Structures are given as structure tokens and as C-alpha cells.
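Heads up: the structure comes next, in C-alpha cells.
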Amino acid sequence: MRNNSKNRASLKSQNIIQRTFLFFAVLCVSVASTFAQDVITLKNGDDIQALVQEIGEVDVKYKKFDNPNGPNYILKKSEMLLIRYKNGTKDIFNESVNNTLEKGETADPCIEINGVKWATRNVGKRGAFVANPEDDGNFYTWNEAQNVCPSGFRLPTIKEMQSLHGCPFRWTTRNGVNGTEFVSGESTLFFPACGYRNRTGSVKHKGRTGYYWSSSQYSFTGARYIWVNNNGVTSTQNTLHYFGHCIRCVAE
């Protein structure tokens with residue numbers, strides 16, 4: 001009898017512990033859900049903590065996360081890079097950087113520096129240049145970058161990129177955009193400080209540094225690039241393929 005009483009007491013204690021654990025587990029999930037949020041990343045690198053309400057053809061409606069009962073706000077998709085939802089999924093809006101890229105440009109006058117003929121503008125949508133030299137263009141992973149230059153152009157090799165070393169340059173601003181301007185005789189070649197896109201989709205260092213892919217690999221998962229800033233152009237840099245860099249093509 002004494003052993004049976006002990007067993008019943010032990011089972012009752014275990015049931016209480018199990019129910020208590022289940023209660024706290026449900027409570028933790030509930031709290032986590034309460035504080036979950038959507039994150040809207042803009043193409044200028046800013047993040048907005050939000051509760052997305054509706055995604056339309058050209059814009060997105062959302063409420064501020066810290067004011068869920070407040071008014072709806074509206075953002076155009078053309079201003080957005082991506083949305084990371086609270087359930088872990090995401091939508092990417094990266095078809096073009098601005099409305100001027102709808103038709104795109106496939107020709108460019110080029111500027112020759114140290115024997116390399118550089119396009120004067122970055123690549124926007126695949127196969128087309130942006131409208132202006134100060135426009136950032138799109139970010140591409142290294143694998144994507146292999147086939148984005150317009151017809152008659154290609155990615156520069158790292159050796160061709162290094163040919164910019166020693167070229168006169170100045171850190172300047174064009175139409176409110178910071179960048180490095182290389183000087184060749186009476187011609188100038190402007191590289192906007194477009195920053196780079198990291199693995200989560202956020203844009204970093206915009207306005208301070210421009211990151212540009214070369215066609216050269218250094219390993220199975222990595223490739224070479226240069227960055228341009230107020231010190232001109234850096235020596236060869238290496239990074240992983242999945243980062244998003246801007247593209248400046250050279251003539252074939």
C-alpha cells in the first residue's frame with residue numbers, strides 16, 4: 001500500500017510539472033507572436049519596423065509596429081528592396097532602381113583609361129544601363145553579374161580594374177550623390193558610392209563606398225572586386241559570391 005501511495009504521488013507530481021511546462025511553452029510562443037514584426041528594407045538602406053496590411057500592384061500599405069492601431073502608411077514598391085515577414089518568409093522588390101529604368105539604355109559612349117574602355121554608367125536591369133552616371137543601378141550577386149552587361153560589354157577583369165590605380169581622381173558629389181571621379185584628359189569617369197547589399201538584403205555603406213564586381217574568381221565560393229571611396233580605388237579585395245555589388249562594364 002505504501003508503495004502504491006508513493007507511485008500515485010510521483011505520477012501526480014509529474015503531471016503537475018508537465019502541465020506547468022506546457023503552460024510556459026504556450027506563454028512563450030504567445031509572447032513571441034505578440035512582439036513579432038515585419039521589416040521593410042528600403043533601397044537607401046533604412047529599415048522600417050512594420051505590420052504589413054496590403055501589397056498592391058505598385059505600393060504597400062503598412063502600420064507602424066509601435067502604433068498598430070494608428071493610420072495606414074503607403075510606400076511605393078520602387079522605393080523598397082525587400083520585406084522580411086514575421087513568419088520568416090520574404091518578398092524581394094528589385095526589378096529596377098527607379099522608373100527611368102523601364103526601357104533602359106543599351107549603348108554607351110565609353111571613356112578610355114589606361115587602354116580600358118569603361119562604360120560611363122552602371123547596369124540597372126539586366127542588359128541595360130541606368131539613365132545617369134550618378135544612378136546606382138541594381139545590386140547583383142557574382143553569379144548573376146556574369147550575364148547582366150548590355151550587348152557589346154562585359155564584366156572587367158580584376159587586372160582591368162587595377163588599371164584605375166594611379167589615375168588622377170577626386171571625391172565629389174553629382175546631383176546629391178557621393179562618388180569617386182577618375183580623370184582622363186578632359187574626360188571624367190564617375191563611380192557612385194552605391195554601397196553593397198548584404199546577405200539579409202540590407203544596403204550598407206551607401207554614400208561612403210562603392211563596391212564593384214570583377215569577372216575574376218579567387219575560390220569556388222568567392223570572387224574579386226574593388227571598392228571606390230575618398231581614397232580613390234582600393235587594391236584587390238575578395239568576398240563571397242552571395243553579396244550584392246554594383247556593375248560597371250567595359251567594352252568588348
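Structure summary
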{"item": "Considering residues of region 114-148 that are assigned to a loop (DSSP other than H, G, I, E, B) and of a type in the set (S, T, N, Q) only, the residue surrounded by the fewest Cβ atoms within 10 Å (Cβ to Cβ)", "result": "Asn147"}
{"item": "Filtered residue count, region 153-164, keeping only those that are under 23 Å from Arg208 (Cβ atoms) and either over 27 Å from the mean Cα position of the chain (by Cα) or at pLDDT 95 or above (or both)", "result": "1"}
{"item": "Lone qualifier among Asp47, Asp66, Asp108 - being modelled with pLDDT of 85 or more and outside the structural domain of Arg154 (by TED's automatic domain parsing)", "result": "Asp66"}
{"item": "Close pairs (9 angstrom Cβ cut-off, 6 or more residues apart or separate chains): within 13 Å of Ser78 (Cα to Cα) in region 43-62, of a type in the set (A, V, I, L, M, F, W, C) and part of a loop (DSSP other than H, G, I, E, B) anywhere", "result": "Lys43/Phe93; Lys43/Val97; Val60/Phe93"}
{"item": "Wholly within region 178-252, strands (runs of 3 or more DSSP E) carrying at least 3 residues that are assigned by TED's automatic domain parsing to the domain that holds Gly152 and farther than 21 Å from Trp142 by Cα", "result": "187-192"}
{"item": "Long-range neighbours under 7 Å by Cβ, at least six apart or interchain, first residue under 24 Å from Gly88 (Cβ atoms) within region 194-216, second crowded, with 18+ Cβ neighbours inside 10 Å and aliphatic (A, V, I, L, M)", "result": "Arg197/Val203; Gly201/Leu81; Gly201/Leu82; Val203/Leu81"}
{"item": "The lone exception for Asn99 - which of (1) modelled with pLDDT of 75 or more; (2) surrounded by fewer than 10 Cβ atoms within 10 Å (Cβ to Cβ); (3) within 21 Å of Tyr140 (Cβ to Cβ) it fails", "result": "(1)"}
{"item": "Sole residue being over 26 Å from Glu105 (Cα atoms) and β-branched (Val, Ile, Thr), chosen from Thr141, Thr209, Thr200, Thr188", "result": "Thr200"}
{"item": "Unmet requirement for Gln162, which otherwise passes all of (1) over 19 Å from Phe243 (Cβ atoms); (2) in contact with a Gly (Cβ under 8 Å, 6 or more places away or on another chain)", "result": "(2)"}
{"item": "Residue ID - modelled with the highest pLDDT, chosen from residues in region 79-93 that are touching a Lys or Arg at 6+ places or on another chain (Cβ under 8 Å) and surrounded by 15 or more Cβ atoms within 10 Å (Cβ to Cβ)", "result": "Ile83"}
{"item": "Condition broken by Ser30, with the remaining ones in (1) modelled with pLDDT of 80 or more; (2) farther than 26 Å from Lys204 by Cα; (3) of a type outside the set (Lys, Arg) satisfied", "result": "(1)"}
{"item": "Any hit, region 181-194, residues being within 20 Å of Ser78 (Cβ to Cβ) and surrounded by 21 or more Cβ atoms within 10 Å (Cβ to Cβ)", "result": "yes"}
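The values are calculated or read from the model by the stated rules, or taken from the named source; none is laboratory data. For clarity, every value in this text was computed on a predicted model and none was experimentally measured. Neighbour counts run over all protein chains shown; Cβ positions are idealised from the backbone, glycine included.
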